[in-house]
1. Taking 41 Å as R0, compute the FRET efficiency from the Cβ-Cβ separation of Ala106 and Lys162 and round it to 0.05.
2. What's the extension gain from Asp38 to Asp142 if we count 0.36 nm per residue and subtract their Cα-Cα distance?
3. Hey, can you find the accessible area per residue of the stretch 389-478 for me, probe 1.4 Å, expressed in square angstrom?
4. Could you calculate the contour length gain from Ala471 to Phe115, that is, 0.36 nm times the residue separation minus the distance between their Cα atoms, to one decimal place in nm?
5. So for the stretch 199-308, averaging the separation of alpha carbon pairs under 8 Å that are six or more residues apart and normalising by length, what relative contact order in percent results?
6. Collect residues whose amide H, placed 1.01 Å from N in the peptide plane, falls under 5 Å from the amide H of Asp382; neighbours closer than 5 in sequence don't count.
7. Please compute the modelled spin-label separation between Leu219 and Asp388, points set 7 Å along Cα→Cβ, answer in nm with one decimal.
8. Out of the total accessible area of the stretch 408-532 (probe 1.4 Å, heavy atoms of protein only), what percent is carbon and sulfur?
Amino acid sequence: MTTPETPNGVVHRNIKTPQSEEISGPAAGNRNNVSDEDLRQWQKHMQRVKEKVLEQVQVQLSDLLDQALTETVESFTQTQPTFNGKTTNKSAPRSQRTDDGKVFVARPSLLDELFEINHIRTIYHMFVAVLLMFCLSTLAVDYIDQGRIVLEFDLLFFAFGKLGTVIWAWAVMFFYTLLVPYLTLVIWGSLYHTCPSKLGLSLGTGLILSAVQTYVLGLFPIFVVVQYQLPPASRFIVILEQIRFLMKSYSFIRETGPVIMRNTPKEGESPRFPSLSSYLYFLFCPTLIYRESYPRNTHIRWKYVGITTGMIFGCLFYAYFILVRLCVPVFRPETKQPFSKRTMVLAVFHSILPGIMLLLLCFFAFLHCWLNLFGELLRFADRMFYKDWWNSTSFANYYRTWNVVVHDWLYQYGYRDFLWLSKRKFRTAAMLSVFIVSAVVHEYALAMGFGFFYPVMFFLFAIFGVVFNFAMNDKRQSPVFNVVMWASLFLGQGVQVCLYSQEWYAQIHCPRTENSFWEIVTPRSWSCSYQR
């Protein structure tokens, strides 16, 4: 007698059900609990891996998109260069096109992007917490020493004294830079295409403008700083603005002059010149490379402006507390300690912490906050004022990424022009010349700002900087070299803070008795009789 066949699935279920009931028991329950716990741990691990991968992918994609966008814009401008809406000769060689070089695209600052990540923003919060600790420690020390809370900021008011003199000196430099180079360009451009001796006209105009530039933007700021005995911060404002106006006016002439020379106006037409409004915008926008137009944002984020302004003042007070709490007590000549190698080494290592903190504050306050503040107020969209210099494994990359604004100017008008003049034969000489010029300008700013000549910056920049630039080049990719770079920065900043602080107090307690050349260039700390 046969029974009707049933589907395989039904037979399978009828057979397996008793077997599953047989194995269900304590052992099976333990096995299920263990597997569930492993599954939960594995899910948590995969979630962490997912978050890390997404963060890395986001950073990599952002860099790739920026690079692709820049290359796209560069290729477009190389095929369709324009000036004042007029298309230039497309068949001109690449080295002769005015649009060749720096390309501006809309992009945010790197720290603004990184601060959107909670882990990175926590580092910012840690620095804010350290600022609060500085405030509390200062209040506590003042209360213990004097029995009352004293928060006078006397050092801060001293450093920024005589602001009235700074304002009128800045106004003279600004109106000169706005009017004289622009009017000189217009007059020269109006005569250039009709003058029989174009070379003579250009040389004569260049010599006259150079002489006037030397007097107004070269000697006048030095006269104001020395004659009115401005305090340090006020000195730095005048000198840094002097350097900025010189670089801006040079870029304006350098970018617009060749275009006027190449574009011969038609008969009956006058030459085309950049508008005064575009030049005025350039004098305030956070770049040193002139273009008649830049990518612009649609609106101003006033909340961003307020937060950035607050961070600038926070950095200012931060630097004040670092000097008062970490530098002045170490270098003020109150104790009679004989000078020795031991005291010198200890002073350098005491200066490493305030030195590196001051370096980070200068970077954050100026290259991030100050430039982004003006970029936001002017709706300037290209905010790449720096790159991820902190990840550098070579000093060559550090110099390129630390200050992109100045690097672009040096590369455009120093390195590339040197190669053009030498027919691209002396690349090493071009690099060395840029280093020397940068070191001289840095040392000039420090010498005028502090009021004494002590070429520590020049020595570190022009000698050690050049050596490290060639020794630690872009071929160094190991993380070990990032450690070496940071260790070098720590030590270099410690040496600078130590030596400049010692010289500052030596200049106060052992002033010069005569104004001879050797008396001016010889550091007073080498011969001053007072002991720290």
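1. Values: r = 40 Å, r/R0 = 0.98.
Step by step, r from the Cβ atoms, then E = 0.55.
2. Numbers: separation 104, 0.36 × 104 = 37.44 nm, distance 5.78 nm.
Gain in length upon complete extension: 31.7 nm.
3. On the way: 4620 Å² over 90 residues.
I get 51 Å² per residue for this part.
4. Length gained between Ala471 and Phe115: 124.8 nm.
5. Working: 42 pairs, mean separation 23.5, N = 110.
Once divided by the residue count of the stretch 199-308, the mean separation gives 21 percent.
6. Sorted by chain and number, the residues that satisfy this are Arg107.
7. 5.0 nm
8. 69 percent
The values are calculated or read from the model by the stated rules, or taken from the named source; none is laboratory data. Note that the coordinates shown come from a computational prediction; the quantities given were computed from them, not determined experimentally. Positions of Cβ are backbone-derived with ideal geometry, glycine not excepted, and every protein chain shown enters the neighbour counts. Each accessible area value is taken on the protein alone, full model and side chains, heavy atoms only, with ligands, DNA and RNA left out. Shrake-Rupley method; radii C 1.70, N 1.55, O 1.52, S 1.80 Å.
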